[in-house]
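The values are calculated or read from the model by the stated rules, or taken from the named source; none is laboratory data. Remember, it's a predicted structure, so these values are computed and weren't measured experimentally. Note: ideal-geometry Cβ built from the backbone for every residue, glycine included; neighbour counts use all protein chains shown.
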Amino acid sequence: ILNVEQSPQSLHVQEGDSTNFTCSFPSSNFYALHWYRWETAKSPEALFVMTLNGDEKKKGRISATLNTKEGYSYLYIKGSQPEDSATYLCARPSGGSYIPTFGRGTSLIVHP
Amino acid sequence: EAQVTQNPRYLITVTGKKLTVTCSQNMNHEYMSWYRQDPGLGLRQIYYSMNVEVTDKGDVPEGYKVSRKEKRNFPLILESPSPNQTSLYFCASSSTGGWTEAFFGQGTRLTVV
């Protein structure tokens, strides 16, 4: 089983705070890292798919970086808003199936 | 509209009564997979398929079966459900496996009593 670890498990911030969380994964046989946003009572939706070491992607106030050599990715949210409250999942496809293995997620709650 | 459709959304059943959760995608995706989500454990792979008639076990396949007779459909079969299969289930599809994003169905909340 591919181990994908996320930290912290949960995070409470105030509206306007910037925040970040970490995804750690085995660096061997790497070819992609996914980030998903999962709101309560909905389905996970993709934020980013990252493949290159040093890659940085941005969507609005959310950005992500990737370090494939050391096996980690950071997700940043600038100026958090209550609508950013969700669970953020990272996933790394394994070499055999190419199907993503997910971390347990970071639950973000943004208080108004 | 591009989508992955799961049915039913909610199901309560009794131990041992066979059931099927359907999954269909309209994006002509090669890859499809099933996950279960349990509190504190995250999304865990049950089975996946890389093409028609090509399926394989994920991390937690015990008690489940799948089939992929057509590209668009990937049903999950519980031959004899047990209470430990009470969970939230998601079907997902993607065009090129891990190189592209996965699209998820709406989820099926299954309760086995």
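Points worth noting:
- Lone qualifier among A:Ser80, A:Ser63 - being surrounded by fewer than 20 Cβ atoms within 10 Å (Cβ to Cβ) and away from every other protein chain (no Cβ under 14 Å): A:Ser63
- With respect to (1) in contact (Cβ under 8 Å) with a residue 24 or more places away in the chain; (2) within 11 Å of chain B (Cβ to nearest Cβ); (3) closer than 22 Å to B:Leu88 by Cβ, the lone exception for A:Ser94 is condition (3).
- Scan of the stretch B:58-113 for residues that are β-branched (Val, Ile, Thr), more than 10 Å from the chain's Cα centre (by Cα) and more than 24 Å from A:Glu39 (Cβ to Cβ), ordered by number: B:Val60, B:Thr96, B:Val112, B:Val113
- From the options A:Glu15, A:Glu45, A:Glu56, residue that is at pLDDT 95 or above, facing chain B (nearest Cβ under 9 Å) and over 10 Å from the mean Cα position of the chain (by Cα): A:Glu45
- Among the conditions (1) touching a residue at least 40 places away in the same chain (Cβ under 8 Å); (2) touching a helix residue (DSSP H, G or I) at 6+ places or on another chain (Cβ under 7 Å), the only one that B:Gly63 does not satisfy is (1).
- The set of residues in the stretch B:66-99 that are closer than 16 Å to B:Asn51 by Cα and either polar (S, T, N, Q) or without any contact (Cβ under 8 Å) to a residue 24 or more places away in the chain (or both) comprises B:Ser67, B:Lys69, B:Glu70, B:Asn73, B:Ser93, B:Ser94, B:Ser95, B:Thr96, B:Gly98, B:Trp99.
- Scan of the stretch A:55-84 for residues that are assigned to a loop (DSSP other than H, G, I, E, B), in contact with a strand residue (DSSP E or B) (Cβ under 7 Å, 6 or more places away or on another chain) and without any contact (Cβ under 8 Å) to a residue 40 or more places away in the chain, ordered by number: A:Asp55, A:Arg61
- Pick from the stretch B:26-41, criterion part of a loop (DSSP other than H, G, I, E, B), within 14 Å of chain A (Cβ to nearest Cβ) and not charged (D, E, K, R), ranking: nearest to A:Thr40 (Cα to Cα): B:Pro39
- When the residues of the stretch B:72-100 are filtered to those that are crowded, with 22+ Cβ neighbours inside 10 Å and more than 10 Å from every other protein chain (Cβ to nearest Cβ), the one that is nearest to B:Gln3 (Cα to Cα) is B:Ser93.
- Residue check, B:Phe103 touching a His at 6+ places or on another chain (Cβ under 9 Å) and crowded, with 18+ Cβ neighbours inside 10 Å: yes
- B:Arg44 being at the interface with chain A (Cβ under 10 Å from one of its Cβ atoms), out of contact with any helix residue (DSSP H, G or I) (no Cβ under 6 Å at 6 or more places or on another chain) and either hydroxyl-bearing (Ser, Thr, Tyr) or over 17 Å from B:Gly97 (Cβ atoms) (or both): yes
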